[in-house]
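The values are calculated or read from the model by the stated rules, or taken from the named source; none is laboratory data. Because the structure is a prediction, the values reported are computed rather than measured. In this analysis, Cβ positions are derived from the backbone assuming ideal geometry, glycine residues included, and neighbour counts consider all displayed protein chains. The protein model used for the area step is the full one, side chains on, heavy atoms only, and it has no ligands, DNA or RNA in it. Shrake-Rupley method; radii C 1.70, N 1.55, O 1.52, S 1.80 Å.
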Amino acid sequence: IIDLDIQDDFGFNSLQINYQVNRPEYLNIEPFISMQKIPGLQKDNLIQTIQTSWSLTDLNLMPDDEVQFYFELTDNDNVSGPKKTNSSMFFARVPSLADLYTETEILENNFIEDLKEELNNVNNLKNELKEIELETLKSDELTWEQKQSINNSIEKVKAELKKLEEISNAIEAVSEQA
């Protein structure tokens, strides 16, 4: 989405986006250079906001491609002649396959660490529940503290199950990305 705020004391004549698509060096392909007029410019309005979309789909971008672009605006100065101004240069890069692999590997490592932590938490809960079970077997009637301990353990188990479900969903999402 392009969202530009523009202003000039004479109004505007044209607005365009100039861009260059650079392919990875190993492909040894010349950059593709082009421009595209941006619709919606009102030539007589001195202050305006331009909102439009620029679809990169037609550029057939591949992993490791880079798009460099800037905006060029020409005013309506009929006194001393129209003037052009250019925005700063912007860069957009499609991640390489190596980048995607590294990102997936980092996510997988994070999941493994999360799973180890959750497994440790589950083991702690298991031990806690065994202790409660032993205490309840020793007495005929549960004390208020024992009941509270059981309720707390049940809540912890529910929380751990929810965390495990979230981790499972995240693993599924990473698997689909890969």
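L4: net charge of surrounding residues, Cβ under 14 Å, Lys/Arg +1, Asp/Glu -1, itself excluded?
Its environment carries a net charge of -3.
Please find, in a Gaussian network model of the chain (springs between Cα atoms separated by less than 10 Å), the residue of Y26, Y101, Y70 whose mean-square fluctuation is greatest.
Fluctuation is largest for Y26.
Using +1 on the beta carbon of Lys and Arg, -1 on that of Asp and Glu, and nothing else charged, what's the dipole of the chain about the Cα centre, debye to 20?
Details: 15 positive and 35 negative charges, 90 e Å.
Using only the charged Cβ atoms, the result is roughly 440 debye.
So how much accessible area does S149 have, in Å² to the nearest 10, using a 1.4 Å probe?
Around 40 Å² of this residue is reachable by solvent.
Using volume of the Cα convex hull per residue in Å³ as the read-out, say which of (i) 186; (ii) 113; (iii) 146 was calculated from these coordinates.
Correct label is (i).
Based on a Kirkwood Rh over C-alpha pairs, give the Stokes-Einstein translational diffusion coefficient of the stretch 84-160 at 25 °C and viscosity 0.890 mPa s in µm²/s.
It diffuses with D of about 143 µm²/s by this estimate.
Take the alpha carbon atoms of the stretch 60-109, find their center, do the same for the stretch 1-27, and report the distance between the two centers in whole angstrom.
9 Å
What does the accessible area per residue of the chain come to in Å², with a 1.4 Å probe and no ligands, DNA or RNA counted?
Working: 13060 Å² over 178 residues.
For the chain, the per-residue accessible area is 73 Å².
For the chain, what does the helix formula give at 222 nm: sum of -39500 (n - 2.57) over DSSP H segments with n ≥ 4, over the residue count, nearest 500 deg cm²/dmol?
Rounded to the nearest 500, the figure is -15500 deg cm²/dmol.
Please compute the Kirkwood hydrodynamic radius over the stretch 1-73, one decimal place, Å, based on all pairs of different Cα atoms.
By the Kirkwood definition, the hydrodynamic radius is 13.9 Å.
May I ask which residue of L56, L73, N109 lies farthest towards the positive end of the charge dipole of the chain, with charges of +1 (Lys, Arg) and -1 (Asp, Glu) on Cβ and the Cα centre as origin?
L73
Between P63, P24, P82, find the one with the highest GNM mean-square fluctuation for the chain; connect C-alpha pairs within less than 10 Å.
P82
Starting at the first residue of the stretch 107-121, write each ³J(HN,Hα) from the Karplus equation 6.51 cos²θ - 1.76 cosθ + 1.60 with θ = phi - 60°, in whole Hz, x for Gly and Pro.
Working through the residues one at a time gives 4, 5, 4, 4, 5, 4, 4, 4, 5, 4, 5, 5, 4, 4, 4 Hz.
Using the alpha-carbon atoms, what tilt in degrees (0 to 90, nearest 10) does helix 144-177 show relative to the longest principal axis of the chain?
Orientation of helix 144-177: about 40 degrees from the principal axis.
Of the heavy-atom accessible surface of the chain (probe 1.4 angstrom), what whole percent is carbon and sulfur?
Carbon and sulfur atoms account for 52 percent of the accessible area of the chain.
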